[in-house]
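The values are calculated or read from the model by the stated rules, or taken from the named source; none is laboratory data. Values in this document were obtained by computation on a predicted structure and should not be read as measured data. Positions of Cβ are generated from backbone atoms using ideal geometry, with glycine treated the same way; all protein chains shown enter the neighbour counts. In case anyone asks, the SASA skips ligands and DNA or RNA and just uses the protein heavy atoms, side chains included. Shrake-Rupley method; radii C 1.70, N 1.55, O 1.52, S 1.80 Å.
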Amino acid sequence: MTIIPTAVAAGRAPEQDSGARQAPAPVGPRARRARPSRAAARSRLTPYLFLAPGIVLFAVAILYPITQAVTMSFFDWQLIASATSEFIGLDNYLRAFQDDRFWLALGNSGIYMLFTVPPQIVLGLAVAILLKKRSPAQPVFRALYYLPVVTSWVVVSLLFKYLFADAGLINFTLGDLLHVTDGDTSWLANRWTALVAICALGVWKGIGWSMMIFLAALQGVPRSLEEAAIMDGANRWQQLRAVTLPAIWPAMLFVVVMLVIGGFNVFTSVLVMTGGGPGGQTEVLLTYMYQQAFEFLDFGYGSALSVLLAIVVFVLAVVQLRIFRDRSGEAYA
């Protein structure tokens, strides 16, 4: 007797029987990649979730003010909401180029940069070399040299204002003790002597910062290079010129660029010590911009001055990167 399978008896092909009796087709790697799981999608989004707060903060605190300042520089900006801010194009920029006080402020900023950046580099490097050697007093001296860096600009500006006052310690030292001057120099009442006092403050406060950068770079100089130079009979100056400086060149670039930017952004010391006086002779770009925007409420012109300052700093940074190119033609970053 012939036994007919149930599927054939029902008029179905054997392969058309219930799917429960058939093994599921294997899913290949491509199919699995085509249907990413929720966990994989979450893992890809996780880095962006961590970056989001920083990006939002950068957009709110940096990008928006920059955009707003550039926009305001093309308007005769009115602070009152009911007043209409008139679009004047490049008039604020043309006004700056024709403004003698703008050029005076730019010149003072350049003088401050020229007379504070080189001393901070030279003295900071010298102190770093001296403090590189280990000694029991090394941490104390590092803290003492770095203390001015973390001290408030307002506090040290007031301190130097009193030091350079007519009856201050500087006049007493130069006049009564050393007899170099008559002791009645009005340091802050003259453009050049006031700039000397302001630059002295900038150098004194910045040596510790450059010292720490150079000290960290010096600790990364291979000891084998120094020993090879000593075996070749190189003196200390030759070791510095042929071994130390090339090894810390990237740190040197960083220090120079940051000090130049900081030099053109001098503000608090000038505002506290002289207020831009006498007669605006010690104005720098930031104090002049501050005066136009917040004293005269000329926000359009003040914004134009800020944009011009940003352009000057950017150009100087690019020039420095070009100068500090290494032999392969690539700039250190």
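The table below gives the values:
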{"item": "With all protein chains modelled, accessible area of Val257 [1.4 Å, Å²]", "result": "20 Å²"}
{"item": "Inter-part distance where the stretch 267-327 and the stretch 68-126 are each reduced to a Cα centre, Å", "result": "5 Å"}
{"item": "Between 0 and 90°, nearest 10: helix 299-323 axis offset from the chain longest Cα axis", "result": "80 degrees"}
{"item": "Proximal charge balance of Phe75 [Cβ under 15 Å; K/R count +1, D/E count -1]", "result": "-3"}
{"item": "Nearest-ten-degree value, helix 249-264 long axis tilted from longest Cα axis of the chain", "result": "60 degrees"}
{"item": "Calculated over the stretch 30-182: convex hull of Cα atoms, volume per residue (Å³)", "result": "367 Å³"}
{"item": "Charged-residue dipole, Cβ positions (Lys, Arg, Asp, Glu), the chain about Cα centre, Debye nearest 20", "result": "2240 debye"}
{"item": "Selected from Leu90, Leu125, Ala105, residue furthest toward positive end of dipole (the chain; charges at beta carbon)", "result": "Leu125"}
{"item": "Rounded to 10°, Cα long-axis angle of helix 100-132 versus longest principal axis of the chain", "result": "80 degrees"}
{"item": "Solution diffusion estimate, µm²/s, Stokes-Einstein, the chain, Kirkwood Rh from C-alpha pairs, 10 °C, viscosity 1.306 mPa s", "result": "61 µm²/s"}
{"item": "Long-range Cα-Cα pairs in the stretch 172-249 (distance over 15 Å), rounded percent", "result": "72 percent"}
{"item": "Computed over the stretch 209-333: relative contact order in percent, which uses C-alpha pairs under 8 Å that are six or more apart", "result": "19 percent"}
{"item": "Loop-resident sites, the stretch 83-173, for trypsin sites (Lys or Arg not before Pro), counting at most 15 other Cβ within 10 Å (DSSP)", "result": "Lys133, Arg134"}
{"item": "Mean Cβ count within 10 Å, highest first, over the residues of peptides 57-67, 237-247", "result": "237-247, 57-67"}
{"item": "Listed residues Val180, Val155, Val270, most fluctuating in the chain (Gaussian network, C-alpha, under 10 Å)", "result": "Val180"}
{"item": "Mean separation of Cα contacts under 8 Å (6+ apart) over length of the chain, as relative contact order %", "result": "24 percent"}
